[in-house]
Amino acid sequence: MSGGGQSWVASTGAALHGAATVPGDKSISHRAVMLGAIADGVSKVEGFLEGEDTRATAAIFARLGVRIETPSPSTRIVHGVGIDGLQAPKEALDCGNAGTGMRLLAGLLAGQRFDSVLVGDASLSKRPMRRVIDPLTQMGAQCDAETGGLPPLRIRGGRQLHGIDFASEVASAQVKSAVLLAGLYAEGETSVREPHPTRDYTERMLSAFGVEIEYAPGYARLRGGQRLRAHDVSVPADFSSAAFFLVAASIIPGSELRLRAVGLNPRRTGLLAALRAMGADIREENAGVHAGEAVTDLIVRHAPLHGIEVPVELVPDMIDEFPALMVAAACAEGTTVIRGAAELRVKESDRLAAMATGLQALGVVVEETPDGAIIQGGALRGGRIDSRGDHRIAMSFAVAGQLATGEVRIDDVANVATSFPGFDALARETGFGLRAL
């Protein structure tokens, strides 16, 4: 998918049936390539997300001197160069749309002996980086940004980092991960404390790669100077990608859909708890473990949903799934109240504003609040949506269009390829009414 002018038209389709496999987890794909690159030995990554964000990360490590083979789609063979083996890049490192890639790379590159520059696309260039620059600076790194802490990031090499005990003001797995990755290159111990627990992919994967790391919900600690051992990674299906189908099958009458081998990291599945609180019928089968991560098949059947006050403790565990949840709320009976989600204003777009504006265009009564929204469930009409180049906004309104009384046109959908290449084709296979313009 390419071209900023691309649009979709979503309209009433069929009940969703069958089984679907969504792409590999984006967060785990990023981290598998990063840790494989600085490990000793050769790591095989299976289930790698073939999205633009994760490909951008792999391309960056190739420019840093790491040989990465692609023997088949969704597979990468990463020839690690060791903790101190990365080479100086000849040009700026382009993260594309990947906030995860840029923030984690800032931590990893802060301890290198060479200078580097991280750039991104127009959307990423508007996302705040001060939240990672500040703790890295405390560790002794030199990292400069544009006014307001915006990319590009210019990282000066050759700095001796020292461990810190960092109390993060924001609940962000990206910030935590950046500090921990810098901590691998720092003297002494580095620890991170969070106001609310966030997903622990980095901690689990560092452990799998042989790093001694102590972690619990909201806390992680490691000592610098450790070497990583190569490790093969099987990437589970991305819960954030499954989210759109969980909501769609819940709200479309007659649906019953199986989503295969979905990652159920406990810090990622707030949407599952919220949907079940709204009355969703979602069962789990074939539980297992991939790369230290719990996976399971999710079987979702249509069920009448009702509005809820979303428990604020679920918010950090569903920060990427709020657009999908807001569509579920619009199709539920009664009122849904969301609070404590101000972080949504600094994602790929201001997601609270984008979703509120889009739902209002479809006739939904929405009151936007500083840190959330109040949504009155009811009938949806057709309309035109500006996705603001945000992949999750675009896919959410593709779901909403399945229950709208008229066609829903969704503009600026090219960035869906960053996280879910082939979404439109898979959606049509399961029963969606969705076509490209």
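What follows draws every value from the coordinates through simple rules; no lab data is involved. Quantities reported herein were computed from a predicted structural model and do not represent experimental measurements. In this analysis, Cβ positions are derived from the backbone assuming ideal geometry, glycine residues included, and neighbour counts consider all displayed protein chains.
Take the Cβ atoms of Lys90 and Glu367, set R0 to 45 Å, and the FRET efficiency comes out at 0.30. This model, with +1 at the C-beta of Lys and Arg and -1 at the C-beta of Asp and Glu, gives the chain a dipole about its Cα centre of some 560 debye. Between the C-alpha center of the stretch 157-232 and that of the stretch 61-76 there is a gap of 25 Å. For the stretch 214-306, the list of trypsin sites (Lys or Arg not before Pro) that fall in a loop by DSSP and count at most 15 other C-beta atoms within 10 angstrom reads Arg227. Between helix 239-251 and the chain there is an angle of about 10 degrees, using the helix long axis and the longest principal axis of the Cα atoms. For His162 and Val289, the difference between the fully extended length at 0.36 nm per residue and the C-alpha to C-alpha distance is 42.2 nm. With the chain treated as a Gaussian network of Cα nodes joined by springs under 10 Å, which of Leu298, Leu150, Leu105 yields the largest mean-square fluctuation? Highest fluctuation among the options: Leu150. Quick one: go through the stretch 332-365 and flag any residue whose amide nitrogen is under 17 Å from the point 7 Å out along the Cα-to-Cβ line of Arg381. The answer is 357-365, whose backbone nitrogens lie closer than 17 Å to the label point.
One chain, two ends: Arg113 and Arg428. Fully extended at 0.36 nm per residue, the span grows by 108.5 nm beyond their Cα-Cα distance. A simple spin-label model places the labels of Glu189 and Leu437 5.8 nm from each other, with each point 7 Å out along Cα-to-Cβ.
Between Gly80, Gly188, Gly263, which gets the highest mean-square fluctuation from a Gaussian network model of the chain, Cα cutoff 10 Å? The residue that fluctuates most here is Gly188.
Working value for the chain: equivalent-ellipsoid semi-axes of 36, 22, 21 Å, each the square root of 5 times a Cα gyration tensor eigenvalue, largest first. Positive end of the dipole of the chain, charges at C-beta (+1 Lys, Arg; -1 Asp, Glu), about the Cα centre: which of Leu380, Ala425, Val364 has its Cα farthest in that direction? In the chain, that residue is Ala425. With the convex hull drawn over the C-alpha atoms of the stretch 26-234, the volume per residue is 98 Å³. Principal-axis analysis of the Cα atoms of the chain puts helix 351-361 at an angle of about 20° to the longest axis.
Where only DSSP H runs of four or more residues are counted, the chain gives -8500 deg cm²/dmol as its mean residue ellipticity at 222 nm, each run worth -39500 (n - 2.57).
Lys/Arg Cβ at +1, Asp/Glu Cβ at -1, dipole of the chain taken about the Cα centre: which of Thr336, Ser116, Ala230 is farthest positive-ward? The Cα lying farthest towards the positive end belongs to Ser116.
Taking the DSSP beta bridges in the chain as the whole, what percent of them are antiparallel, to the nearest 5? Antiparallel bridges: around 70 percent, rounded to the nearest 5. Here the stretch 26-234 is treated with +1 on each Lys and Arg Cβ and -1 on each Asp and Glu Cβ, and its dipole about the Cα centre works out to around 120 debye. Taken about its Cα centre, the stretch 234-284 carries a charge dipole of about 140 debye when Lys and Arg each add +1 at the Cβ and Asp and Glu each add -1 at the Cβ. Estimated at 0.36 nm per residue, the fully extended path between Thr147 and Thr335 surpasses their Cα-Cα distance by 63.6 nm. Of all the stretches in the chain, which is the longest one without any exposed loop site, taking GluC sites (Glu not before Pro) in a DSSP loop (any state but H, G, I, E, B) with at most 12 other Cβ atoms within 10 Å? It works out to 213-437.
Sorting Ser396, Ser7, Ser43 by the number of Cβ atoms found within 10 Å of their own Cβ, with the fewest placed first, yields Ser7, Ser43, Ser396.
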